[in-house]
Amino acid sequence: MSNNYEMMYILRPDLSEDQVGDSVNKYKDFLTENGVENLDIQVKGKRRLAYPVGKYLDGIYVQMNYDADGAQNAPLERMMRLSEDTIRYLTIKLKKRAIIAAQNAAAEPVTEPDEN
């Protein structure tokens with residue numbers, strides 16, 4: 001049975017673009033080797049953290065959405081916990097209602113209000 005997962009993780013802000021790409025590819029390769037489907041990765045860029053994490057005030061946000069059976073999550077989170085580049089991560093299992101609502105929101109055209 002395949003479930004939809006969303007993982008958000010935060011990388012150290014002092015990483016170069018090459019190092020960010022290497023880190024993203026490391027996790028992407030792990031997931032593809034372990035049979036996930038519909039893998040979508042979005043690098044959100046550097047943003048201010050809501051609160052300091054260790055000595056960091058900023059972080060590079062990365063979001064991954066994928067379909068999997070769930071067996072990949074624990075080993076992936078272990079990799080992130082042991083990595084010095086990843087400072088935070090969170091994995092959530094999306095409910096069917098949330099998926100349908102997101103698809104509907106993406107399908108609806110955005111209209112500009114009329115200026116009178």
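Lysines within cross-link reach of Lys46: Cα-Cα under 16 Å, excluding same-chain residues under 8 positions apart?
Lys55
When the chain is treated as a GNM, springs tying every alpha-carbon pair under 10 Å, which of Lys55, Lys95, Lys28 comes out with the largest mean-square fluctuation?
Judging by the Gaussian network model, the answer is Lys55.
When ligands, DNA and RNA are left out and all protein chains stay put, how many square angstrom of accessible area per residue does the chain have with a 1.4 Å probe?
Per residue, the chain has an accessible area of 69 Å².
With a point put 7 Å past each Cα toward its Cβ, work out how far Leu90 is from Lys26 in nm, to one decimal.
About 2.3 nm, to one decimal.
At 0.36 nm per residue, minus the direct Cα-Cα distance, what do Ala106 and Glu33 gain on full extension? Give it in nm, one decimal, please. Provide the component values of the computation, followed by the final result.
Working: separation 73, 0.36 × 73 = 26.28 nm, distance 2.95 nm.
The span from Ala106 to Glu33 would gain 23.3 nm if fully extended.
Counting only protein heavy atoms, what percent of the accessible surface of the chain is carbon or sulfur at a 1.4 Å probe?
Result for the chain: 49 percent of the exposed heavy-atom area is carbon or sulfur.
Please list, in chain and number order, the residues 5+ apart from Asp58 or on another chain whose amide H is under 5 Å from its amide H, with Hs placed from the backbone.
HN-HN under 5 Å from Asp58: Leu49.
With +1 assigned to the C-beta of every Lys and Arg and -1 to the C-beta of every Asp and Glu, and no other charges, what is the dipole magnitude of the chain about the Cα centre in debye, to the nearest 20?
Working: 15 positive and 19 negative charges, 133 e Å.
Dipole about the Cα centre, nearest 20: 640 debye.
Which aspartates and glutamates, on any chain, are close to Lys93 with Cα under 13 Å apart, when same-chain ones fewer than 8 places away are left out?
Glu6, Asp67, Asp69
The values are calculated or read from the model by the stated rules, or taken from the named source; none is laboratory data. This one's a predicted model, so the numbers in the text were calculated from it and none came from an experiment. Backbone-built Cβ (ideal geometry, glycine too); neighbour counts: all protein chains shown. Each accessible area value is taken on the protein alone, full model and side chains, heavy atoms only, with ligands, DNA and RNA left out. Shrake-Rupley method; radii C 1.70, N 1.55, O 1.52, S 1.80 Å.
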